[in-house]
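Student: A single structure is presented below for examination.
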Amino acid sequence: MTVDKDYTLFDAGTVTLQSGQAFPGMQLAYKTFGTLNARKDNVIVYPTSFSAQHYDTEWLVAPGGVLDPERYFVIIPNLFGNGLSASPSNAAARFAPGAYPCVTYHDAVAVQRRLLQEVFGIEKIALVYGWSMGGMQAYHWGVCHADMVERIAVVCGSARCSPFNQVFLEGVRAALTADP
């Protein structure tokens, strides 16, 4: 675990992805707010949406608000690929040119779960809150780890990426990959 700027990096080591490919030195950037109680049951996981970093979403964490750090221990894990967690911009050198692996929401949630358990000893989550693609992660949490998650709240999200979103994202990807 490395503290850098106002977030912390969880070193997950070599992670076997859903595809079966190994991702060496995978790191998950996260920021916490509030205090974990003795029962470790006041946890809210608030994963970032597509291209967002915790800086973009932490405005919702405020005393007296829904994500109240005076009542809850709020963890914002930064999605892989956002430039803080393992991303092509900071981890591509570990792979052959053009061979950066496909990292799925299943992979993201698996590493987030490891963070909660290995760093904080958390076994119960009061809420997973997600907006947009953060909502997709919330759905994954609810399905993959129903024994841990008491409730999820999804805003402007879906359980599956729609064809429209896939076309939109393909356009962004094509622009990035066409640049030498």
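Student: Would you tally the residues in the range 95-121 being closer than 17 Å to residue 11 by Cβ and outside any helix (DSSP H, G or I)?
Tutor: Of the residues in that region, 1 qualify.
Student: Related question: Of the residues that sit in the range 111-165 and are polar (S, T, N, Q) and modelled with pLDDT of 95 or more, which one is least open to solvent (accessible area, probe 1.4 Å)?
Tutor: 112
Student: Moving on. How many residues does the range 62-94 contain that are part of a strand (DSSP E or B), within 16 Å of residue 29 (Cβ to Cβ) and either of a type in the set (A, V, I, L, M) or open to solvent by 30 Å² or more (accessible area, probe 1.4 Å) (or both)? Reasoning before the result, please.
Tutor: Step one: of the range 62-94, the residues part of a strand (DSSP E or B) are 67, 73-77.
From what is left, the residues that are within 16 Å of residue 29 (Cβ to Cβ) are 74-77.
With either of a type in the set (A, V, I, L, M) or open to solvent by 30 Å² or more (accessible area, probe 1.4 Å) (or both) added as a condition, the list becomes 74-76.
Going through the range 62-94 one residue at a time, the tally reaches 3.
Student: Quick one: is residue 47 within 11 Å of the chain's Cα centre (by Cα) and in contact (Cβ under 8 Å) with a residue 12 or more places away in the chain?
Tutor: Taking the combined requirement at face value, the residue satisfies it.
Student: Here are some residues: 10, 95, 73, 33. Which one is over 17 Å from residue 128 (Cα atoms) and either touching a strand residue (DSSP E or B) at 6+ places or on another chain (Cβ under 8 Å) or of a type in the set (Val, Ile, Thr) (or both)?
Tutor: Testing whether each residue is over 17 Å from residue 128 (Cα atoms) and either touching a strand residue (DSSP E or B) at 6+ places or on another chain (Cβ under 8 Å) or of a type in the set (Val, Ile, Thr) (or both) leaves just 10.
Student: Continuing with this model, one more query. Name the single residue, out of those in the range 1-43 being within 17 Å of the chain's Cα centre (by Cα) and among the acidic types (Asp, Glu), that is nearest to residue 113 (Cα to Cα).
Tutor: 11
Student: Now for a different question. Given (1) surrounded by fewer than 16 Cβ atoms within 10 Å (Cβ to Cβ); (2) under 22 Å from residue 170 (Cα atoms); (3) free of Cβ contacts under 8 Å to residues at least 12 places away in the same chain, where does residue 102 come up short, assuming only one miss?
Tutor: (3)
Student: Tally time: how many residues in the range 50-65 are in contact (Cβ under 8 Å) with a residue 12 or more places away in the chain and over 18 Å from the mean Cα position of the chain (by Cα)?
Tutor: Of the residues in that region, 0 qualify.
Student: Taking the range 35-52 on its own, how many of its residues are part of a loop (DSSP other than H, G, I, E, B), within 22 Å of residue 142 (Cα to Cα) and open to solvent by less than 50 Å² (accessible area, probe 1.4 Å)? Break it down into steps so the answer makes sense when it comes.
Tutor: Filtering the range 35-52 down to residues part of a loop (DSSP other than H, G, I, E, B) leaves 35-42, 46-52.
Among the residues that remain, those that are also within 22 Å of residue 142 (Cα to Cα) are: 36, 39-42, 46-50, 52.
From what is left, the residues that are open to solvent by less than 50 Å² (accessible area, probe 1.4 Å) are 36, 42, 46-49, 52.
Here the count works out to 7.
The values are calculated or read from the model by the stated rules, or taken from the named source; none is laboratory data. Because the structure is a prediction, the values reported are computed rather than measured. Virtual Cβ from ideal backbone geometry, glycine too; neighbours counted across all protein chains shown. SASA here: full protein model, heavy atoms, side chains in, ligands and nucleic acids out. Shrake-Rupley method; radii C 1.70, N 1.55, O 1.52, S 1.80 Å.
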